[in-house]
Amino acid sequence: MKIATPLFILLLIMVFTTMLKAQSTDTVAAFKPHGTLWGLTFGDYVYKGNADTVGSGQGRGTNQYSKVPAGSRFFQFRRVYLGYNYDISPKFSAEILFACEDDLTPGSVGNQNTNGDVLQDNKFAPFLKLANIRWKNIFKGTDLVMGESLTPAFPLLSETVWGYRSIERTVADIRRTPSYDEGVTLQGHFDEKANFGYNVMVGTGNGAKPATNNFQMFYGDVWAKFFDKRLILDLYQDYEKLNWSAIDTLTNGYHHDRNTTKLLIAWTAPKFTVGIEAMQTTLLGDVAAYTLTNRTFYYTTFATAISLYVRGRLYKDKLCFFARYDNYNPGHKIGEITDNPRVISYTALTSTYDPTTKEQFVTFGIDYTPFANIHLMPNFYMNTYACTLPSADYGLNPKGSGVLGTDAVYRLTIYYIFGKKDPVNY
């Protein structure tokens with residue numbers, strides 16, 4: 001009996017292993033590679049009721065409707081996607097996505113100064129936005145993604161919770177925190193019910209463009225869901241070196257980097273969602289200040305933003321509403337520059353974080369869905385700009401953004417998707 005017992009256990013192990021191998025073989029044998037072609041488009045009919053024509057700062061120079069004159073009326077595509085997802089095996093899948101975004105170009109209505117995705121003859125043109133392969137469950141609960149993919153900054157949670165990318169980017173995306181990048185990503189969860197998870201990535205920091213230096217961008221995101229996944233907490237951090245050399249004001253060598261911390265708290269239910277997203281970005285050596293003696297000093301600045309939004313159902317899944325308010329202030333330490341008597345002029349090196357212009361953004365509208373995956377959304381879009389400089393320091397600001405301005409736009413947005421489930425609706 002003493003000999004038979006270990007033999008019996010060994011026999012059970014052999015049988016169990018054989019069954020597992022057979023099951024795995026059957027699963028692979030039963031699997032057939034398959035793919036899905038999908039796409040989406042959103043665009044608008046636009047009427048601009050009020051215009052900030054000065055065009056200073058990030059928002060007043062390069063936002064969606066900067067320098068478009070009041071009274072302008074036009075049709076515009078803001079995004080066209082064509083993608084293909086392919087399941088190679090039970091363990092591997094791949095995706096590829098071509099995109100065209102923002103067709104306003106110099107020479108279009110109001111001589112808009114933001115280049116869209118166009119050819120030399122101003123015709124709409126696609127670029128490669130995603131191209132990656134996913135190794136599923138490389139270890140328990142975690143996928144490895146290699147190639148050009150979505151970053152941890154917002155697409156998996158932040159953008160999904162807001163739910164209306166067809167109306168406007170998230171607050172981090174507006175400041176051009178990369179939403180996609182080329183690199184390596186680990187995405188996973190810590191528990192069986194996927195209530196706690198993470199998303200980390202090392203990328204070029206250059207989006208769809210080739211790397212231009214030896215620095216990488218590091219992204220990290222951890223999230224938790226409570227109360228039957230209705231309460232969502234999401235904490236994000238990134239870091240990127242932009243320039244890194246010996247600090248010497250005679251040769252203009254300096255240390256220049258950026259990092260962003262972002263916290264999302266949201267409550268999402270079948271009939272409504274409310275969220276708050278807070279962000280702080282610190283930019284080391286991002287403002288070059290010039291003196292009468294031809295010396296250059298580099299100042300560190302930091303910007304804060306807060307985004308509040310709500311969306312919900314008015315009638316079943318046919319009629320919904322959305323509203324959002326953002327407050328953005330990049331000028332918290334501008335006084336260190338303007339109060340320095342040696343400084344005669346200065347330049348912000350990162351245009352998306354120009355410290356002289358703060359902004360307030362408001363949007364609201366109705367989402368009518370006559371058929372699944374088709375949305376008609378009348379909405380109001382307004383961005384108001386104010387100067388962070390004291391009135392006595394307007395002369396130091398080469399862009400003259402002491403003048404307040406507002407871009408107010410009335411839109412009918414049309415959004416549709418095919419080949420996959422609508423990520424916007426409930």
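The values are calculated or read from the model by the stated rules, or taken from the named source; none is laboratory data. Computed from a predicted structure; not experimentally measured. Here Cβ is always computed from backbone atoms with ideal geometry, including for glycine, and neighbour counts include all displayed protein chains. Each accessible area value is taken on the protein alone, full model and side chains, heavy atoms only, with ligands, DNA and RNA left out. Shrake-Rupley method; radii C 1.70, N 1.55, O 1.52, S 1.80 Å.
See the values below:
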read-out: Residue among GLY59, GLY83 that is at pLDDT below 85 and closer than 30 Å to GLU148 by Cα; value: GLY59
read-out: Subset of region 124-149 [in contact with an Asp or Glu (Cβ under 6 Å, 6 or more places away or on another chain) and outside any strand (DSSP E or B)]; value: ALA125
read-out: Residues satisfying the stated conditions in region 120-153, i.e. among the hydroxyl-bearing types (Ser, Thr, Tyr) and either without any contact (Cβ under 8 Å) to a residue 40 or more places away in the chain or closer than 17 Å to THR204 by Cα (or both); value: SER149, THR151
read-out: Some residue of region 273-281 being touching a Gly at 6+ places or on another chain (Cβ under 9 Å) and open to solvent by 30 Å² or more (accessible area, probe 1.4 Å); value: yes
read-out: Positions within region 205-225 being modelled with pLDDT under 95 and open to solvent by 90 Å² or more (accessible area, probe 1.4 Å), in sequence order; value: LYS209, PRO210, THR212, ASN214
read-out: Lone qualifier among THR27, THR36, THR41, THR18 - being surrounded by 10 or more Cβ atoms within 10 Å (Cβ to Cβ), modelled with pLDDT of 85 or more, over 30 Å from GLU359 (Cβ atoms) and among the β-branched types (Val, Ile, Thr); value: THR36
read-out: ALA303 being within 26 Å of GLU359 (Cβ to Cβ), over 24 Å from the mean Cα position of the chain (by Cα), of a type outside the set (Val, Ile, Thr) and open to solvent by less than 10 Å² (accessible area, probe 1.4 Å); value: no
read-out: Considering residues of region 65-79 that are part of a strand (DSSP E or B) and charged (D, E, K, R) only, the residue surrounded by the fewest Cβ atoms within 10 Å (Cβ to Cβ); value: ARG73
read-out: All positions within region 178-203 that are modelled with pLDDT of 95 or more and among the hydroxyl-bearing types (Ser, Thr, Tyr); value: THR185, TYR198
read-out: First in region 248-270 and within 18 Å of SER158 (Cα to Cα), second anywhere and open to solvent by less than 30 Å² (accessible area, probe 1.4 Å) and modelled with pLDDT under 95, Cβ under 7 Å, 6 or more apart; value: THR260/ALA172; THR260/THR177; LYS262/ALA172; LEU264/LEU157; LEU264/SER158; LEU264/VAL161; ALA266/VAL161; THR268/VAL161
read-out: Selection from region 80-105 of residues that are among the charged types (D, E, K, R), surrounded by 18 or more Cβ atoms within 10 Å (Cβ to Cβ) and either without any contact (Cβ under 8 Å) to a residue 24 or more places away in the chain or within 19 Å of TRP38 (Cα to Cα) (or both); value: GLU95
read-out: Scope region 282-300; condition at positive phi and either open to solvent by less than 10 Å² (accessible area, probe 1.4 Å) or touching an Asp or Glu at 6+ places or on another chain (Cβ under 6 Å) (or both); matching residues; value: GLY285
read-out: Any chance PRO270 is assigned to a loop (DSSP other than H, G, I, E, B), over 29 Å from THR170 (Cα atoms) and either open to solvent by 10 Å² or more (accessible area, probe 1.4 Å) or at pLDDT 95 or above (or both); value: no
read-out: Residue check, VAL202 assigned to a strand (DSSP E or B), closer than 22 Å to LEU157 by Cα and free of Cβ contacts under 8 Å to residues at least 24 places away in the same chain; value: yes
read-out: In region 154-194, residue most open to solvent (accessible area, probe 1.4 Å) [restricted to those that are closer than 30 Å to PHE361 by Cβ and among the β-branched types (Val, Ile, Thr)]; value: THR160
read-out: Filtered residues of region 322-370 (kept if in a strand (DSSP E or B) and within 13 Å of ASP286 (Cβ to Cβ)); value: TYR346, THR347, ALA348
read-out: Subset of region 327-367 (residues that are closer than 19 Å to VAL409 by Cβ and open to solvent by 70 Å² or more (accessible area, probe 1.4 Å)); value: GLN360, PHE364
